1. With at negative phi, hydrophobic (A, V, I, L, M, F, W, C) and surrounded by fewer than 18 Cβ atoms within 10 Å (Cβ to Cβ) as the only criterion, which of L190, L156 stands out?
2. Tally up the residues in the stretch 103-125 that are over 19 Å from H56 (Cβ atoms) and in contact with a Phe, Trp or Tyr (Cβ under 8 Å, 6 or more places away or on another chain), please.
3. Those residues that are outside any loop (DSSP other than H, G, I, E, B) and either in contact (Cβ under 8 Å) with a residue 60 or more places away in the chain or out of contact with any His (no Cβ under 7 Å at 6 or more places or on another chain) (or both), I need them from the stretch 87-108; list them, please.
4. Among the residues of the stretch 22-45, how many are without any contact (Cβ under 8 Å) to a residue 12 or more places away in the chain and either assigned to a helix (DSSP H, G or I) or closer than 22 Å to C129 by Cβ (or both)?
5. Report yes if some residue within the stretch 173-188 is closer than 19 Å to I72 by Cα, modelled with pLDDT of 95 or more and assigned to a helix (DSSP H, G or I); otherwise report no.
6. Quick test for you: out of T120, T159, pick the one residue that is among the hydroxyl-bearing types (S, T, Y), at pLDDT 95 or above, out of contact with any Leu (no Cβ under 8 Å at 6 or more places or on another chain) and not in a helix (DSSP H, G or I).
7. Considering each residue of the stretch 123-153, count those that are part of a helix (DSSP H, G or I) and closer than 21 Å to M45 by Cβ, and give that number.
Amino acid sequence: MGVTAIAAQPPNVMQPMTTPHRRIEVVPYDPRWPLEFKRASEEVMRALGSNLLAIHHIGSTSIPATRAKPVIDIMAVVADLVAVDQRTAEMERLGYEVMGEFGIAGRRYFRRDDSTGQRTHHVHAFAKCSPHVARHLAFRDFMRAHPKVADEYGELKQTLAEMHPHDMNAYMGGKDGFIKEVEARAMTWLTSDGGGPSAV
């Protein structure tokens, strides 16, 4: 049974900032990233409780052999976004900053830095009926199944990080066209005989 995402913004929503960002760093794939996802996802599972339906490693650190910013992206699929709002204290105890929707309707976004101030984790919570769930999983699984495309993506990110080391808006904007093209291909692939989301 689907769950309708809450249209109204949650309290204390943070909005995207245009202030200067820390240096953007893209690094070679690190085989420790899946292990760090496992560790961090177990914390998030405990924090979100029975409202959590599934948890996935997404983003570039989930794609083997692909260069990425060393930040673990976690997607939490939940039954009820309001229940996520009610568990923000548990996420804060894990060191996450509560960011609300942060520019994406129907999302609850959390981010965490390490003791040196370097970003290490993002958590994106969506209701199970959200189209963002299928979009993220299709992109990830398409990239895993098409390493040449994943390598092109890694090269693009490396180039953008070198061109715009302190400008996150330019870095993200430079990836946008590539991401949208691959997402469209991935959604088609997902419904074909060769596609289908994996579990993590």
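The values are calculated or read from the model by the stated rules, or taken from the named source; none is laboratory data. Remember, predicted model here, so these are calculated numbers, not experimental data. Every residue, glycine as well, gets a Cβ built from its backbone with ideal geometry; the counts of neighbours run over all protein chains shown.
1. Numbers: L190 fails: surrounded by fewer than 18 Cβ atoms within 10 Å (Cβ to Cβ).
Residue meeting the stated conditions: L156.
2. Looking only at the stretch 103-125, we keep the residues that are over 19 Å from H56 (Cβ atoms), and these are 103, 105, 113-119.
Applying the additional criterion that residues be in contact with a Phe, Trp or Tyr (Cβ under 8 Å, 6 or more places away or on another chain) yields none.
Selection size over the stretch 103-125: 0.
3. Start the filter on the stretch 87-108 by keeping residues that are outside any loop (DSSP other than H, G, I, E, B), which leaves 88-93, 97-98, 107-108.
The answer is T88, A89, E90, M91, E92, R93, E97, V98, R108.
4. Keep residues of the stretch 22-45 that are without any contact (Cβ under 8 Å) to a residue 12 or more places away in the chain, which gives 31-32, 35, 38-39, 42, 45.
Checking which are either assigned to a helix (DSSP H, G or I) or closer than 22 Å to C129 by Cβ (or both) leaves us with 35, 38-39, 42, 45.
Final tally of qualifying residues: 5.
5. Quick first cut of the stretch 173-188, residues closer than 19 Å to I72 by Cα only: 175, 179.
Remaining after also requiring modelled with pLDDT of 95 or more: 175, 179.
Checking which are assigned to a helix (DSSP H, G or I) leaves us with 175, 179.
Yes, the stretch 173-188 contains a residue that is closer than 19 Å to I72 by Cα, modelled with pLDDT of 95 or more and assigned to a helix (DSSP H, G or I).
6. On the way: T159 fails: not in a helix (DSSP H, G or I).
Exactly one of T120, T159 is among the hydroxyl-bearing types (S, T, Y), at pLDDT 95 or above, out of contact with any Leu (no Cβ under 8 Å at 6 or more places or on another chain) and not in a helix (DSSP H, G or I), namely T120.
7. Going through the stretch 123-153, the residues part of a helix (DSSP H, G or I) turn out to be 131-145, 147-153.
Those still in the list that are closer than 21 Å to M45 by Cβ too: 132-133, 136-137, 140.
Total satisfying the criteria: 5.
Residue-by-condition table, conditions (1) under 29 Å from G177 (Cβ atoms); (2) surrounded by 15 or more Cβ atoms within 10 Å (Cβ to Cβ):
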site: A76; (1), (2): yes, yes
site: L94; (1), (2): no, yes
site: G103; (1), (2): yes, no
site: D114; (1), (2): no, no
site: H122; (1), (2): yes, yes
site: H132; (1), (2): yes, yes
site: H136; (1), (2): yes, yes
